[in-house]
Structure formats: structure tokens, C-alpha cells
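Have a look at the structure below, then the notes.
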Amino acid sequence: MAIERAIFERASERGTVRLYHEVHGEGFPLLAIAPGGLRSSAKDWYDRPIEPTATFSDEYKVITLDQRNAGQSWAPISARDGWHSYADDQLALLDHLGVDRFHVMGMCIGGAYALNLAKTAPERVASAVLIQPIGLSNNRDVFAALFASWRDDGRARHPEASDSDYDAFFQNMFGGDFTFSATVEDVAQCTVPMLVLLGDDEYHPASISRRVAELAPRASLIEEWKQDPARAHARERMRGLLREHTPR
């Protein structure tokens, strides 16, 4: 199956944003947002227990991307950056590809990005799958360490960003008290159909997965999914959600 690879450029207040992306397959669009923290990139889907490009591109147009300042993508950094910056990128890319409504699937930080899209543009999100989403559970220091590593690795490429810019950016991204990208109230008001696959470590607390599934009015929880036969069953439930909510 042919894979389309391209760089999409869009203007921002601080300069040009470049987004590397891939398109696998044909059909109703499925935006698949990879794990990897702020290093989330298309290649980070490979060799995961559930890999959407391999699993769903027979039936859907699976779109993956390198988030800003990850992989082959780049954007200027400022104190105003936050979850909205990533949502703006993701929606602008979909607009560029001619996509109006879409499913979204995210793993790890991708789950937080997916929730943010469901909050920001609920009329465009047909359904959402959150695979071990990140969130706060006595672990903010873990995310501070990840952020510091990402900042230090990329600092030379961002002479425009000061220490105060990075401090504000971190607070905007990881200063929240639930899923970081969405509050308890946001999730309780989210009517997007949703599957949540349980997390089980300090980055992806089980308590966050369970709470999201409890709060969201149209959410269900999958507890076992990493090993077959549970993995095969989880894939079928995911495919069932996508099919049920794909516009005809």
C-alpha cells in the first residue's frame, strides 16, 4: 500500500510552522496521534501493541504526523504555546488535506491531544480512542523531567526561546490537574463517543483512564489490551466504534 509523505507549512504569529505527515490507506479519515511525549512523531507508532497504520488503513485513511518540534516538524517556541497550539496545527493539517470530520486515536500524550480535539472541535470529531492517556497522579515531577530533557535537546534550534518562555510553556502544557489538556468538567461535558484503553504506569496512571471512562457520557473502558487474545478483542472493539460512528 502506497504511503504519502509530505511537509505542510502554515503561518503563525511567530513564524512558519512545518508539519511532517503521512497518509496511509483510503476511506473516512482517522487521525492517529502517536505516543512519545513532546517527541511524538509518526514513527513512534511502529512496533506498538496496537499500530493504527497497520491495523486500520485497510478501511480508513490513517493520517499520522510529527508534532511541532518533534521528528521532522518545527515551530517557533513562545510563552503563549500550549495545547491550543497543537490543536491548531492538527486542525490546520486536516483542513489542508480536505478533511472535515474525522476519527481521532491517540496513545500516551496522543490521548491528551485527542481529548483536546474533542473539546476544541467536537463537531468535527466522529469518535475518539484514548490508549493509556497521560494525566496527573502524584507524578508532575516525571513530566517535568521529560520536558527538561526535550528542552535541552532542542535548545540550540530555538534561539528565540528564553528560559521564561520554556517555563510558561511547561506550565501551559503540564500545569493542569487531570489529563493536562482537559479538566474534569471538560471531560464530563464531552459527548464524543469514546473508548479508553487502560494505562498502568506512572506516565499513564490507571486512575486517569478509569476516571475519563467514568466521566465522559459516551465512553467505555477496555482494561486488558496489550497481549493476545485481549489485544485482538480490543482491536475489534476499536474497529466497531469506528464503523458505528463513520458517517454514511
Set T246, T183: member being hydroxyl-bearing (S, T, Y) and under 30 Å from G27 (Cα atoms) = T246
When residues of segment 125-167 are filtered for being of a type outside the set (S, T, Y), assigned to a loop (DSSP other than H, G, I, E, B) and out of contact with any His (no Cβ under 7 Å at 6 or more places or on another chain), how many remain?
-> 8
So which of D200, D177, D153 ends up being in contact with a Leu (Cβ under 6 Å, 6 or more places away or on another chain) and exposed (fewer than 13 other Cβ atoms within 10 Å of the Cβ)?
-> D177
Count - residues of segment 201-241 that are among the aromatic types (F, W, Y) and within 12 Å of P49 (Cβ to Cβ) = 1
The one condition in (1) touching a His at 6+ places or on another chain (Cβ under 6 Å); (2) outside any strand (DSSP E or B) that S85 fails to fulfil | (1)
For segment 51-75, which residues satisfy the criterion of being aliphatic (A, V, I, L, M) and open to solvent by 10 Å² or more (accessible area, probe 1.4 Å)?
-> A54
Looking at (1) over 17 Å from N172 (Cβ atoms); (2) open to solvent by less than 10 Å² (accessible area, probe 1.4 Å), which is the only condition E123 fails?
-> (2)
Does E13 satisfy being modelled with pLDDT under 95 and among the acidic types (D, E)?
-> yes
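Here's the yes/no breakdown for (1) among the hydroxyl-bearing types (S, T, Y); (2) open to solvent by 20 Å² or more (accessible area, probe 1.4 Å); (3) assigned to a loop (DSSP other than H, G, I, E, B):
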| site | (1), (2), (3) |
| --- | --- |
| I77 | no, no, yes |
| Q90 | no, no, no |
| D100 | no, yes, yes |
| V104 | no, no, no |
List every residue pair whose Cβ atoms lie under 9 Å apart, where the two residues are 6 or more positions apart in sequence or sit on different chains, the first residue falls within segment 214-232 and is under 20 Å from C108 (Cα atoms), and the second residue, located anywhere, is among the aromatic types (F, W, Y) and surrounded by 14 or more Cβ atoms within 10 Å (Cβ to Cβ).
-> R231/W225
Does at least one position in segment 219-232 carry a residue that is assigned to a helix (DSSP H, G or I) and charged (D, E, K, R)?
-> yes
Test S73 against the criterion of being more than 14 Å from the chain's Cα centre (by Cα) and among the small types (G, A, S), and give yes or no.
-> yes
Cβ pairs under 9 Å, 6+ apart or interchain, first in segment 103-128 and without any contact (Cβ under 8 Å) to a residue 24 or more places away in the chain and more than 15 Å from A213 (Cα to Cα), second open to solvent by 10 Å² or more (accessible area, probe 1.4 Å) and not in a helix (DSSP H, G or I), ordered by first then second residue, are E123/R101
Residues of segment 180-197 classified as open to solvent by 10 Å² or more (accessible area, probe 1.4 Å), assigned to a helix (DSSP H, G or I) and in contact (Cβ under 8 Å) with a residue 60 or more places away in the chain, total | 1
Could you count how many residues in segment 9-50 are on the phi < 0 side of the Ramachandran plot and surrounded by 18 or more Cβ atoms within 10 Å (Cβ to Cβ)?
-> 23
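The values are calculated or read from the model by the stated rules, or taken from the named source; none is laboratory data. Being a predicted model, the structure only gives us computed values, none of them experimental. Counting neighbours? That spans all protein chains shown, and the Cβs are built from the backbone with ideal geometry, glycine included. Heads up: the accessible areas ignore ligands, DNA and RNA and are worked out on the full protein's heavy atoms, side chains in. Shrake-Rupley method; radii C 1.70, N 1.55, O 1.52, S 1.80 Å.
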